[in-house]
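Here's the structure we're looking at; comments come further down.
The values are calculated or read from the model by the stated rules, or taken from the named source; none is laboratory data. All values reported here derive from a predicted model rather than from experimental measurement. Every residue, glycine as well, gets a Cβ built from its backbone with ideal geometry; the counts of neighbours run over all protein chains shown.
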Amino acid sequence: MKRYYIETYGCSLSEYDSQVMKHALDSAGYTRVDDPGEADVLIINTCAVRLDTEYRMVDRIKQLRTHGKKLIVAGCLARARPGLVKRVAPEASMLSPQNAHRVLEAVESSGSVVLLTGSRRTDFIPPSPVKDRVATIMIEEGCLNNCSFCISKLARRELKSFQPRLIVEAVSRLVSRGVREIRFTGLDTAAYGRDLPGKPTLADLVSMVLEKVEGDYRIRIGMMTPELAMEILDDLLDAYSDERVYKFFHIPVQSGDDEVLRIMNRRYTVDEFKWIHRRVKARYPESMFATDIIVGHPGEDEQAFNNTVKLVRELEFERVHLAQYSMRPHTRAAAMKQVPDPVKKERSSLLMKVIEEIGLRKHEAYIGRRVKALVTERSFRGWSMTGRLDNYFPIVLPYREDLMGSWAIVDIVDASFFDLRGRLVEAVV
């Protein structure tokens, strides 16, 4: 039996693509091994979102080449930067995210193959990636936007949604296996269904899953762009009323300055984003509202940065994913006048202090409270486990195997800016 080794980098979409490849290879009789030295073929499923990530991918490809085995470079770097991959590993086969299901062609070819064109196959959903009691389902790929900084659109451009029926069946299978948290992921989940007959929305999909799949599970909905979230917000807020949907909203603002948003080619204003935030918080005051912010994008002057800081202080996001702008090839922003790296670092440091201050204050407000949490994850060292409140706030607990997948009554005894720390009162089976 031939053996393969696979490494996965990047987001949950990459995890999904790796699962597609594993399913195809396992079904064909291949065996997965954990040591590249023991494999007949090596697969690296890459990410290209940032420049530092690209450097890491290049270094790892070079390391894998030293094994002298058949090498397949898959994922976003292969699709967005094929010339770079070819220079680094001219003998490697390349596989775009949309061709993950064709991995056998690359594995069994006598030479290198390049499979970089074509659309996402959406007529089946392979077994979803599962870790502990958490699973991920890709509900759509692609985005309708054209942000000036984004390279992901080069790798996952075309909007392709999976039929609601397939997603319902996938959720049902996962729940029957004991999965308790199911994450709906996509490049923009708010774009879901716009390419399908009848144009079912994300809210329609969630409502259908909740209606057809019984059980004690939770759905976490992934990132939504503000402009498309606005269009379905009322229906979406209604769908969230079911206790099986985490009160978690991930809606990236990217900047608190309208001029920078215009340069980024983001199709909303700061006031429109505030409107979304108000509507969410009016319906679900204790929800987790997560956002993304890019510091140092071309066009961001001192006043624009201060406007972003002001927005963060005003809205007090529960979670902020902060990144310094990273120049990516083949994007409009790469041709613009760049903000100097020292300025980006200084602004990032200043804003991070504000983010940590707000996060700590939000979490410290929970100290002394008794809460109910669903325990779904264990730490990679195995000494602790993580439970989630209804609003997806994480609670770290000492590890106990019998708690995995159970509800727990917990006293909050401490907090950091990132999570809560709990003491178990009792398990609820």
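Could you check how many residues of segment 8-23 are over 12 Å from the mean Cα position of the chain (by Cα) and closer than 18 Å to ARG50 by Cα?
Initial filter on segment 8-23 (over 12 Å from the mean Cα position of the chain (by Cα)): 8, 17-23.
With closer than 18 Å to ARG50 by Cα added as a condition, the list becomes 8.
Residues in segment 8-23 being over 12 Å from the mean Cα position of the chain (by Cα) and closer than 18 Å to ARG50 by Cα: 1 in total.
Count, please, the residues in segment 339-357 that happen to be surrounded by fewer than 19 Cβ atoms within 10 Å (Cβ to Cβ) and over 23 Å from the mean Cα position of the chain (by Cα).
Selection size over segment 339-357: 11.
Starting from residues that are touching a residue at least 24 places away in the same chain (Cβ under 8 Å) and either of a type in the set (Gly, Ala, Ser) or touching a Gly at 6+ places or on another chain (Cβ under 9 Å) (or both), keep the ones in segment 358-371 and report whichever is surrounded by the fewest Cβ atoms within 10 Å (Cβ to Cβ).
Applying the filter and picking the extreme gives GLY368.
Take segment 291-315 and flag every residue that is outside any helix (DSSP H, G or I) and either more than 22 Å from LYS344 (Cβ to Cβ) or hydroxyl-bearing (Ser, Thr, Tyr) (or both). Talk me through it step by step, then tell me what you get.
From segment 291-315, those outside any helix (DSSP H, G or I) are 291-301; that's our starting set.
If the condition is that a residue be outside any helix (DSSP H, G or I) and either more than 22 Å from LYS344 (Cβ to Cβ) or hydroxyl-bearing (Ser, Thr, Tyr) (or both), then THR291 is the only one that fits.
Which pairs do you get when a residue that is under 28 Å from CYS150 (Cβ atoms), found in segment 225-247, comes within reach of a residue that is polar (S, T, N, Q) and assigned to a helix (DSSP H, G or I), reach meaning Cβ atoms under 7 angstrom, with the pair 6+ apart or on two chains?
As it stands, the answer is ALA239/SER207, since those pairs meet every condition given.
Being more than 20 Å from LYS153 (Cα to Cα) and either in a helix (DSSP H, G or I) or at pLDDT below 95 (or both) is the requirement here; does ASP17 meet it? Before the answer, list the steps.
Values: more than 20 Å from LYS153 (Cα to Cα): no; either in a helix (DSSP H, G or I) or at pLDDT below 95 (or both): yes.
So ASP17 does not fit the description; no.
Rundown of residues vs (1) at positive phi; (2) buried (at least 20 other Cβ atoms within 10 Å of the Cβ), yes/no style:
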residue: SER172; (1), (2): no, no
residue: ARG177; (1), (2): no, no
residue: PHE184; (1), (2): no, yes
residue: THR189; (1), (2): no, yes
residue: GLY198; (1), (2): yes, no
residue: LEU210; (1), (2): no, no
residue: GLU214; (1), (2): no, no
residue: ILE232; (1), (2): no, no
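Pull up segment 259-269, narrow it to residues that are touching a residue at least 40 places away in the same chain (Cβ under 8 Å) and surrounded by fewer than 21 Cβ atoms within 10 Å (Cβ to Cβ), then point me to the one that is farthest from VAL179 (Cα to Cα). Talk me through it step by step, then tell me what you get.
Here is the first cut: in segment 259-269, the residues touching a residue at least 40 places away in the same chain (Cβ under 8 Å) are 259-260, 263-268.
Next, from what is left, pick out any that are surrounded by fewer than 21 Cβ atoms within 10 Å (Cβ to Cβ): 259, 263, 265, 267-268.
Values: GLU259: 44, ILE263: 42, ASN265: 39, ARG267: 37, TYR268: 37 Å.
Checking each candidate, the answer is GLU259.
Please enumerate the residues belonging to segment 5-47 that are touching a Lys or Arg at 6+ places or on another chain (Cβ under 6 Å) and in contact (Cβ under 8 Å) with a residue 60 or more places away in the chain.
TYR30, VAL41
In contact with a strand residue (DSSP E or B) (Cβ under 9 Å, 6 or more places away or on another chain), within 21 Å of ASN391 (Cα to Cα) and not polar (S, T, N, Q): is that true of VAL209 in this structure?
Yes: the conditions hold for VAL209.
Could you tell me how many of the residues in segment 299-318 are surrounded by fewer than 20 Cβ atoms within 10 Å (Cβ to Cβ) and touching a residue at least 60 places away in the same chain (Cβ under 8 Å)?
Within segment 299-318, residues that are surrounded by fewer than 20 Cβ atoms within 10 Å (Cβ to Cβ) and touching a residue at least 60 places away in the same chain (Cβ under 8 Å) number 0.
Just name the residue that is farthest from LYS362 (Cα to Cα) out of those in segment 381-429 that are in a strand (DSSP E or B), of a type in the set (Gly, Ala, Ser) and within 25 Å of the chain's Cα centre (by Cα). Spell out the reasoning first.
First pass over segment 381-429, keeping only residues in a strand (DSSP E or B): 384-388, 394-398, 407-415, 420-428.
Applying the additional criterion that residues be of a type in the set (Gly, Ala, Ser) yields 384, 387, 408, 415, 422, 427.
Those still in the list that are within 25 Å of the chain's Cα centre (by Cα) too: 384, 387, 415.
Numbers: SER384: 22, GLY387: 17, ALA415: 9 Å.
Within segment 381-429, the match that is farthest from LYS362 (Cα to Cα) is SER384.
I'd like to verify a number: residues in segment 57-77 that are in a helix (DSSP H, G or I), in contact with a strand residue (DSSP E or B) (Cβ under 9 Å, 6 or more places away or on another chain) and either among the basic types (Lys, Arg) or farther than 16 Å from THR8 by Cα (or both), how many? I'd like the intermediate steps shown before the answer.
Here is the first cut: in segment 57-77, the residues in a helix (DSSP H, G or I) are 57-65, 76-77.
With in contact with a strand residue (DSSP E or B) (Cβ under 9 Å, 6 or more places away or on another chain) added as a condition, the list becomes 57, 60-61, 64-65, 76-77.
Retained after the next criterion (residues that are either among the basic types (Lys, Arg) or farther than 16 Å from THR8 by Cα (or both)): 60, 65.
Result for segment 57-77: 2.
For segment 106-121, state whether one or more residues are in contact with a strand residue (DSSP E or B) (Cβ under 9 Å, 6 or more places away or on another chain), on the phi < 0 side of the Ramachandran plot and surrounded by 24 or more Cβ atoms within 10 Å (Cβ to Cβ).
yes
Would a scan of segment 14-35 turn up a residue that is of a type in the set (A, V, I, L, M, F, W, C) and under 26 Å from LEU322 (Cβ atoms)? Before you say what the answer is, go through the steps one by one.
Quick first cut of segment 14-35, residues of a type in the set (A, V, I, L, M, F, W, C) only: 20-21, 24-25, 28, 33.
Checking which are under 26 Å from LEU322 (Cβ atoms) leaves us with none.
No, segment 14-35 contains no residue that is of a type in the set (A, V, I, L, M, F, W, C) and under 26 Å from LEU322 (Cβ atoms).
In this structure, does TYR192 turn out to be touching a helix residue (DSSP H, G or I) at 6+ places or on another chain (Cβ under 9 Å) and either in contact (Cβ under 8 Å) with a residue 24 or more places away in the chain or not assigned by TED's automatic domain parsing to the domain that holds SER406 (or both)?
Details: touching a helix residue (DSSP H, G or I) at 6+ places or on another chain (Cβ under 9 Å): yes; either in contact (Cβ under 8 Å) with a residue 24 or more places away in the chain or not assigned by TED's automatic domain parsing to the domain that holds SER406 (or both): yes.
For TYR192, the condition - touching a helix residue (DSSP H, G or I) at 6+ places or on another chain (Cβ under 9 Å) and either in contact (Cβ under 8 Å) with a residue 24 or more places away in the chain or not assigned by TED's automatic domain parsing to the domain that holds SER406 (or both) - is met.
Go through segment 316-362 and give me each residue that's among the β-branched types (Val, Ile, Thr), modelled with pLDDT of 95 or more and under 20 Å from ASN145 (Cα atoms). Give the steps one after another, and end with the answer.
Initial filter on segment 316-362 (among the β-branched types (Val, Ile, Thr)): 320, 331, 339, 343, 354-355, 358.
Within this subset, residues satisfying the condition of being modelled with pLDDT of 95 or more are 320, 339, 343, 354-355, 358.
Across segment 316-362, there are no qualifying residues.
Might you check whether a residue that is of a type outside the set (S, T, N, Q), in the same structural domain as MET223 (by TED's automatic domain parsing), touching a residue at least 24 places away in the same chain (Cβ under 8 Å) and assigned to a strand (DSSP E or B) occurs anywhere in segment 323-334?
Initial filter on segment 323-334 (of a type outside the set (S, T, N, Q)): 323, 325, 327-330, 332-334.
Still in the running and in the same structural domain as MET223 (by TED's automatic domain parsing): 323, 325, 327-330, 332-334.
When the remaining residues are screened for being touching a residue at least 24 places away in the same chain (Cβ under 8 Å), the result is 323, 325, 327-330, 332-333.
Remaining after also requiring assigned to a strand (DSSP E or B): 323.
Checked against the condition, which is being of a type outside the set (S, T, N, Q), in the same structural domain as MET223 (by TED's automatic domain parsing), touching a residue at least 24 places away in the same chain (Cβ under 8 Å) and assigned to a strand (DSSP E or B), segment 323-334 yields at least one hit.
Suppose we filter ASN45, ASN99 for residues that are among the polar types (S, T, N, Q), within 30 Å of ILE221 (Cα to Cα) and assigned to a strand (DSSP E or B); which single one remains? Walk me through how you get there before you give the answer.
Details: ASN99 fails: assigned to a strand (DSSP E or B).
The match here is ASN45.
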